[in-house]
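Okay, structure first, notes after.
Derivation of every value follows stated rules applied to the coordinates shown; laboratory data play no part. The structure presented is a predicted model; accordingly, all values stated were derived computationally and were not measured. Neighbour counts run over all protein chains shown; Cβ positions are idealised from the backbone, glycine included.
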Amino acid sequence: MKLVIGIGLRGGTSYEELTALVRHALRDVTGDVDLIATRTGREQEPALQRLAQDLNADFRTFETHELAAQSPPTPSEKVQHHTGTPSVAEAAVLAAGAHLVVTKQQTPNATIAIGHLPAPGYDAAARATVHRVIAERRDVRRGFLDLSVDDRLLTRVLEAAHRAPSVGLSQPWDFLVIRDLATRRKVHELATVQRDAFAASLPDERRAAFDGLKIEAILDAPVNIAVTCDPGRGGRHVLGRHADPRTTWFSAAIAIQNLWLAARAEGLGVGWVSFFTPEEVAGVLGLPAHIELVGYLCVGHVDEFASAPELVRSGWAKRRPLTWAVHHETWGHRDISIHEEALQATPAHDISQASGQTVNVIIGGDATSLRNPEDLVVQLGAVKPPSDFGIVWRHARTNHEATEFGIELARDLALQGIAHLRVRVTDRTEQAEAFARGIATGASASGLTHSPA
Ligand SMILES: Cc1cc2nc3c(=O)[nH]c(=O)nc-3n(C[C@H](O)[C@H](O)[C@H](O)COP(=O)(O)O)c2cc1C
């Protein structure tokens, strides 16, 4: 445990007085003193300098206003009078970012307090590298080079994947490394069929945009890796899995993220392909019945890493602002409410699209209302409808929430490249009206046009 000693003292306090006080205060505390903290202006005090040297501790001073900004448990008017802040020792411990474990102890000329410092993070350069690799990781589908991937390099990347956290340490993943061209051709064939099926399901403008996108690099990348999951790994009593079996798949997905980041750091491109049903790929790769495909990755050296996601650069979709994703304490309490933000004269986030794509939002109805690829049904009832991507289910608890859900849906569609909404309300409830108002507000705020269908 690392400790910080906060010290307030009169000029000229003797070393003996100070060390006796420190020894006394430290007798019930375990840990090493890492830092001596005091107020600016006391840097040259011989007793402080010698103490820091004896303890091999760093020395740090805080300005009066920094000390005054703390909330020490034992403030003093006398100290306030002499120093301009109600506490030096305790406040210095708090200002150093420590948790106070010994409150103010005094001798006639000195006051000390002791705190525990939290475990340190990495130094600034290492932290910057971690954030950089996260920001610069890309899903890569273009620019793979005709270069083989060194076995040791691949092993380093797989080691990173294999170090992932997993529920109950069940480590449910396996990594199937595929280099064989014939196998990759078969998988590529599956992806092509699904690509065509997806294209056929799209509205005309969206299909035209999709035609320009590359969605896999199965044959371009020299190495493919199928990451699988064994949902039964670890037997019956895997810690943490009993109430939520999905945690097994989460664990395998995190292994993929570890792989992706390590690969980026090593200069290897990775592209995730999900244009097939897991069963189809399982058949080609000879997976046993109990093993499930989680992700299929194309891996290899590339000519460059793009600075932004390909789907952003092509205008297919936009990134969602962090402030929309962060709620405080209970759902919907964001730093700025959806409503307030949508009513701002100038949108904080420009997500408008110039695509010309339309969605017909049908509030009410069911799967039989889905007649055109542009149609999207919104169901507001309490019963979750059967899974269908043509139906969004938004059961609001209040009319206000229904309006917020409407705003959110309009914004989400704008993020997915939609430019115009045609809205039809077939459900004549107050909630449906409130939702429709939200759609109108959200559409205007996101630069979408909207009209009644
Ligand atoms: C589970 C999953 C499946 C994905 N499937 C595909 C895919 O089939 N084809 C594709 O081109 N990209 C696929 N991607 C990549 C995403 O499009 C990409 O991560 C996203 O656009 C953000 O870009 P970035 O990864 O470069 O930041 C997939 C990503 C994930 C996480």
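Taking a straight line from the alpha carbon of Lys318, these lysines sit under 21 Å away, with near neighbours fewer than eight places off in the same chain left out: Lys214. Counting only residues at least eight positions apart within a chain, or on another chain, there are no aspartates and glutamates with an alpha carbon under 12 Å from that of Lys78. Averaging Cα coordinates gives a centre for region 117-196 and one for region 389-407; these two points are 37 Å apart. Among Ile36, Ile215, Ile291, the order by Cβ neighbours within 10 angstrom, fewest to most, reads Ile215, Ile291, Ile36.
For region 1-27, backbone nitrogen atoms closer than 15 Å to the point 7 Å from Gln49 Cα along Cα-to-C-beta are found at 11-15. Computed across the chain, the Kirkwood hydrodynamic radius from all distinct Cα-Cα pairs reaches 27.3 Å.
Is the C-alpha gyration tensor of region 322-452 telling us rounded, prolate or oblate? Criteria: a/c under 1.5 is rounded; beyond that, a/b larger than b/c is prolate, otherwise oblate. Oblate.
Could you line up Trp324, Trp173, Trp331 from fewest to most neighbouring Cβ atoms inside 10 Å?
Details: Trp324 18, Trp173 25, Trp331 9.
Placing the least packed residue first, the sequence is Trp331, Trp324, Trp173.
In terms of Cα to Cα distance under 26 Å, which lysines are near enough to Lys2, apart from those fewer than 8 places away along the same chain? Once the sequence-local lysines are set aside, what remains near Lys2 is Lys104. On the principal axes of its alpha-carbon atoms, region 124-313 has extents of 50, 45, 33 Å, going from largest to smallest. Only helical runs count toward this figure. For the chain, summing -39,500 (n - 2.57) over DSSP H runs of n ≥ 4 and dividing by all residues gives -11000 deg cm²/dmol at 222 nm. In region 2-117, the inverse of the mean reciprocal separation of distinct Cα atoms equals 13.5 Å; this is its Kirkwood hydrodynamic radius.
Is any helix in the chain, taking whole DSSP H runs, at least 15 angstrom long along its axis by alpha carbon and on average at least -0.5 on the Kyte-Doolittle scale, and which ones? Those that pass (Cα extent of 15 Å or more, hydropathy at least -0.5) are 15-26, 124-136, 151-162, 181-201, 247-266, 399-415, 430-445.
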